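Comments concern the structure below.
The values are calculated or read from the model by the stated rules, or taken from the named source; none is laboratory data. Since the model is a prediction, treat every value here as computed from it, not as a measurement. Cβ placement follows ideal geometry from the backbone for every residue including glycine, while neighbour counts extend to all protein chains displayed. What goes into the accessible areas is simple: the full protein's heavy atoms, side chains included, and nothing from ligands, DNA or RNA. Shrake-Rupley method; radii C 1.70, N 1.55, O 1.52, S 1.80 Å.
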Amino acid sequence: MQTPDPIHVIGGGLAGTEAAWQIAQAGVPVVLHEMRPHKTSPAHHSEHVAELVCSNSFGAMASDRASGLLHEELRQLGSVVIGKADQHQVPAGGALAVDRGLFSQDLTETLERHPLIELRRDEVTRIPDDGIVVLTTGPLTSDALSVDLERFTGQGYMSFFDAASPIVVGDSIDQSVAFMASRYDRGEAAYLNCPMNREQYLHFWTELCNAEQAELKDFERETAKFFEACLPIEEMARRGEDTMRYGPLKPVGLFDARLGDFKDPENKSKKPYAVVQLRQEDKSGQLWNMVGFQTNLRWGEQARVFRLIPGLENAEFVRMGVMHRNTFLNSPELLHNTLQFKARPTLLAAGQLVGTEGYTAAVAGGWLAGTNAARLALGQEQLNLPVTMMLGALVDFITSAEPKHFQPMPPNFGILPPLPVKVRNKRERYGQYRDRAFNDLHTWASQHGLSLVQNSLMATA
């Protein structure tokens with residue numbers, strides 16, 4: 001059989017990295033286009049593919065959680081990105097968090113070593129007219145390609161705003177104040193917790209509400225809409241005095257063991273009024289991410305206000321929080337559930353560009369778009385995933401939602417079909433969703449002649 005022409009994948013983020021790998025693993029040559037380092041974006045800091053620009057966490061690991069279920073589906077499907085995440089994992093309680101530097105460097109080198117992958121450092125300003133193409137340019141698609149994509153689709157982008165949390169040097173955190181613990185002592189104590197009493201919290205809340213934000217550009221101001229799952233901390237604070245205490249600063253289940261046994265009635269009064277958590281960012285524990293502190297404050301204001309948090313009075317920030325506009329397509333109008341464009345089946349798309357939200361969802365879309373692009377090149381049937389799988393439900397949602405009100409969607413159990421028999425207990429219900437997903441994944445894979453990876457840590461070749 002003659003070797004197919006190379007497939008072009010445009011964009012070297014998580015979706016593009018996964019797509020390129022799946023294409024090459026199917027025996028089809030692929031050119032992965034990445035404009036960095038020749039042209040940078042507002043959010044990236046390195047030239048590596050699959051750079052994590054916000055948190056270093058892929059979400060909860062447990063398979064009875066939405067993100068964890070998607071992790072495991074991707075492991076069994078042979079995802080290179082999730083396989084590398086497993087290899088470069090750092091402690092994060094029940095979350096899959098990685099040393100982001102080692103993670104993206106390893107993926108870059110892995111792709112560069114593959115004989116069927118060409119990593120081409122160039123900016124693509126126009127969708128290629130011929131051949132099979134996969135668009136994975138993400139929320140920061142370059143201006144020139146954005147214009148061409150609008151020309152092709154006949155419609156403008158939709159948009160919301162996303163923000164990244166600051167990262168703090170571990171040695172600058174006062175650990176006589178901060179304490180190590182995971183909520184309810186579940187798993188390894190992997191979070192540094194900065195406790196606040198009521199007076200400290202109210203002072204912090206007041207200063208946060210009054211802090212000066214970075215100025216948005218005119219085109220951003222006109223279309224600004226925050227994604228509810230990634231609200232800037234100052235926006236959350238302005239919604240009410242206690243909003244943060246019921247969100248990322250909730251003190252429930254957190255107690256400093258140095259103060260004694262929390263079960264002792266005399267220690268109940270020592271419960272903090274609010275808690276700021278920091279998650280380990282790298283394997284050596286030198287860097288810590290401020291959990292839930294996405295922000296658009298001016299950098300000087302961030303340093304001033306965040307140093308009001310007990311334990312962070314002398315915090316040294318290696319990255320301040322940033323905010324940028326995320327752009328995405330109205331996928332229900334434009335895409336089939338194979339991630340092919342309705343107007344051009346040889347053009348596919350994946351990642352945040354199509355309206356999935358979160359790292360793992362981007363990887364999942366990359367897996368499907370890359371797999372279907374390769375099957376298209378080989379003359380094979382396109383794959384549709386069971387909607388009882390988290391991956392299948394996510395793709396089904398973004399391609400069948402009401403176009404008028406379409407907004408990005410993260411993995412969640414609410415998009416899965418109901419169980420045949422209603423289960424009231426949430427934990428048991430999520431477990432049944434998981435069991436059904438795995439069962440249907442294995443049946444589906446067998447029907448399509450796909451081999452699943454049984455050892456999740458062997459997901460990479």
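For the chain, with every protein chain kept in place, what is the accessible area per residue (1.4 Å probe, Å²)?
Values: 19500 Å² over 461 residues.
For the chain, the solvent-accessible area averages 42 Å² per residue.
If all Cα-Cα distances of the chain are sorted into 20 Å bins from 0 onward, what percent lands in each bin, rounded to whole numbers?
24, 56, 19, 1
Within the chain, what percent of beta bridges assigned by DSSP are antiparallel, to the nearest 5?
If we restrict to bridges inside the chain, about 65 percent are antiparallel.
Quick check: at a probe of 1.4 Å, how many percent of the accessible area of the chain sits on carbon and sulfur atoms?
50 percent
What's the tally of Lys pairs in the chain whose alpha-carbon atoms lie under 29 angstrom apart, where the two lysines are 8 or more places apart or on different chains?
Count of close lysine pairs: 20.
Within 10 Å, count the other beta carbons around each residue, average over each peptide in 361-374, 194-207, and list them highest first.
Peptide ranking by packing, descending: 361-374, 194-207.
Looking at the square roots a ≥ b ≥ c of the eigenvalues of the Cα gyration tensor of the range 305-461, which shape do they give, rounded for a/c under 1.5, prolate if a/b is larger than b/c, or oblate?
On the way: a/c = 1.71, a/b = 1.38, b/c = 1.24.
Taking the square roots of the gyration eigenvalues as a ≥ b ≥ c, the range 305-461 is prolate.
As I understand it, the value is the acute angle between the Cα axis of helix 390-400 and the longest principal axis of the Cα atoms of the chain; what does it come to in degrees, rounded to 10?
Here the helix axis deviates by roughly 70 degrees.
If one takes the longest principal axis of the Cα atoms in the chain, at what angle in degrees, from 0 to 90 and to the nearest 10, does the Cα axis of helix 198-210 lie?
Taking Cα atoms only, the helix is inclined about 50 degrees.
Relative to the first principal axis of the alpha-carbon coordinates of the chain, what is the inclination of helix 143-153, with its axis defined by its Cα atoms, in degrees from 0 to 90 and to the nearest 10?
60 degrees
Packing-wise, with mean Cβ within 10 Å as the measure, how do 12-25, 378-391, 78-91 rank, highest first?
12-25, 78-91, 378-391
Quick check: pseudo-label points 7 Å beyond the Cα along Cα→Cβ at Thr206 and Arg319, how many nm apart are they?
Calculated label separation equals 3.4 nm.
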